[in-house]
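Undergrad: Sharing a structure, written as structure tokens. Questions coming.
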Amino acid sequence: MAANPFPLDKEQLLQAYRKMRTIREFEERLHVDFGRGDIPGFVHLYAGEEAAGVGIMSHLGDGDRIASTHRGHGHCIAKGVDVVAMMKEIYGRKGGACNGKGGSMHIADLDKGMMGANGILGAGAPLACGAALAAKFRGKGEVAVSFVGDGASNQGTFLESLNLAAVWSLPVIFVVENNGYAESTSREYGVAVDSYVDRAAGFGLPGVTVDGTDFFGVHEAAGEIIERARKGGGPSLLECKMVRFFGHFEGDAQTYRGTGELEQIRSEQDCLKKFASQVTSASVISAAELQAIDHEVLDLIERAVTEAKAAPLPTAADLTTDVYVSY
């Protein structure tokens, strides 16, 4: 076996691949099941963007908090939320991560530091600031991470959060997942600056742009700014340039895409293919080991769907639970 040229040991590399593959197969299955009418509500898929979520979350523990987006399944899986509980939640069943009450856009697991996906653009940024403020007072070196997309980057809540984080020097990282489109509006049309790093500079924050389809590029950049925040260095912005394999939402006709664009990004910008090529070319992990993980993940997704469909629906009596907390 050749010397490992990567910053992660073999077991960590296998774990990273497993999480990325789990996200991919989870989303590919939802694409099929939603199209059959099996899933209630709205669904936004993270397929194609796996390297960013896993590359960043590889540096986080359960005590670190994240605020996600409407496209949150990948963030949940990367943060360690149980896949079967997620599937039950998306199917609206008892035993789901939120007992079937949140659905796709509102999965949360506070024990894992996942404060929730969010159907409101930019709404997670001030929540991450709150979590970062609490972490600063606790003094245990914990951080918070806010994820936004192209559309949410123009929301007032996001821009106000950049300013607040800078003024209070909060241990928060703002991740802009730049997949090129705010729903159907191209980034070039809807954003005045050339780079989201320019937005950070306007508020006195350091920022960096990385190739969001390159796991190792994301992992390195995220590691540096997360460590800086843990040590009291304050907030930063990380822009991940990435691609999404599906539409903004399931049912999106994607008429705004260029001819052959989807085929091109799946062929040339697939982060899983890049990762597999890198680790196998370096002879650190074999193709057979990756294929074994592929089969295990498919079995997990099949089990998750089977259990979700078999789980009971919430009852009328469940409607008034989880509403108020007694202090």
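The values are calculated or read from the model by the stated rules, or taken from the named source; none is laboratory data. A quick note: this is a predicted structure, and the numbers were derived from the prediction, not measured. A quick note on method: Cβ atoms are made from the backbone with ideal geometry, for glycine too, and the neighbour counts reach across all protein chains shown. The area values use the complete protein model at the heavy-atom level, side chains included, leaving out ligands, DNA and RNA. Shrake-Rupley method; radii C 1.70, N 1.55, O 1.52, S 1.80 Å.
Undergrad: Restricting things to alpha carbons, tell me how big the chain is in terms of Rg and Dmax, in Å.
TA: In Å, with Rg to one decimal and Dmax whole: 19.3, 60.
Undergrad: Still on this model: At 1.4 Å probe size, with the rest of the protein present, what percent of the exposed accessible area of the chain is carbon and sulfur atoms? If you can, show how the numbers build up before the last one.
TA: Values: 7540 of 14130 Å².
Here it works out to 53 percent.
Undergrad: Something else now. Based on the Cβ-Cβ distance from Ala192 to Ala310, what FRET efficiency comes out when R0 is 41 Å, to the nearest 0.05?
TA: 0.20
Undergrad: Using a 1.4 angstrom probe, figure out how much accessible area the chain has per residue, in square angstrom, rounded to the nearest whole. Show your work: numbers first, answer last.
TA: Values: 14130 Å² over 327 residues.
Per-residue value: 43 Å².
Undergrad: Would you list, by chain and number, the aspartates and glutamates whose Cα falls below 13 Å from the Cα of Lys309, excluding same-chain residues fewer than 8 positions away?
TA: Answer for Lys309, where 13 Å is the Cα cut-off: Asp33, Asp38, Glu89, listed by chain and number.
Undergrad: Turning to a different aspect of this structure: Determine the order of Glu142, Glu268, Glu296, Glu89 by accessible area, beginning with the largest, at a probe radius of 1.4 Å.
TA: Working: Glu142 40, Glu268 120, Glu296 90, Glu89 0 Å².
Ranked list, largest accessible area first: Glu268, Glu296, Glu142, Glu89.
Undergrad: Now a separate question. Evaluate the Kirkwood expression for the hydrodynamic radius of the range 106-258, namely the inverse of the mean inverse distance over all pairs of different C-alpha atoms, and round to one decimal in Å. Spell out each step's value before the answer.
TA: Values: mean 1/r = 0.0628 Å⁻¹.
Final number for the Kirkwood radius of the range 106-258 is 15.9 Å.
Undergrad: Let me ask something else. Helix check for the chain. Which DSSP H runs span at least 24 Å along their own axis by Cα, with a mean Kyte-Doolittle hydropathy no less than 0.0? Numbers along the way, then the final one.
TA: On the way: long enough: 10-35 (38 Å, -1.02); 287-310 (35 Å, 0.12).
Helices passing the filter in the chain: 287-310.
Undergrad: Ok, one more. Ignoring everything but the protein chains, give the 1.4 Å probe accessible area of Asp9 in square angstrom, nearest 10.
TA: Asp9 exposes around 80 Å² with every protein chain in place.
Undergrad: Also: With n ≥ 4 as the cut-off for DSSP H runs, can you work out [θ] at 222 nm for the chain, using -39500 (n - 2.57) per run divided by the number of residues, rounded to the nearest 500?
TA: -14000 deg cm²/dmol
Undergrad: For Cα pairs less than 8 Å apart in space and 6+ apart in sequence, what is the mean separation divided by the residue count of the chain, i.e. the relative contact order in percent?
TA: Dividing the mean separation by the residue count of the chain yields 23 percent.
Undergrad: With every protein chain in place, what's the accessible area of Leu159 (1.4 Å probe, Å², nearest 10)?
TA: Accessible surface of Leu159 is approximately 50 Å².
Undergrad: Separate question: About its Cα centre, how strong a charge dipole does the range 1-108 have in debye, to the nearest 20, once Lys and Arg get +1 and Asp and Glu get -1 at the Cβ? Don't skip to the answer; put the middle values down first.
TA: Working: 14 positive and 13 negative charges, 53 e Å.
Roughly 260 debye, rounded to the nearest 20.
Undergrad: Say a site is exposed when it is one of the trypsin sites (Lys or Arg not before Pro), sits in a DSSP loop, and has at most 12 other Cβ atoms within 10 Å; what is then the longest site-free stretch of the chain?
TA: Values: sites that count: Arg36, Lys140, Lys231.
That would be 37-139.
Undergrad: Shifting gears a bit: Mind computing the radius of gyration and Dmax over the alpha-carbon atoms of the range 184-327? Å is fine for both.
TA: In order Rg, Dmax, the Cα atoms of the range 184-327 give 21.4, 57 Å.
Undergrad: Considering only Cα-Cα distances, which of the following residue pairs are longer than 20 Å: Lys19/Lys140; Lys79/Lys274; Lys10/Lys112; Lys10/Lys140; Lys19/Lys231; Lys241/Lys273?
TA: Check vs 20 Å cut-off fails for Lys19/Lys140; Lys79/Lys274; Lys10/Lys112; Lys10/Lys140; Lys19/Lys231.
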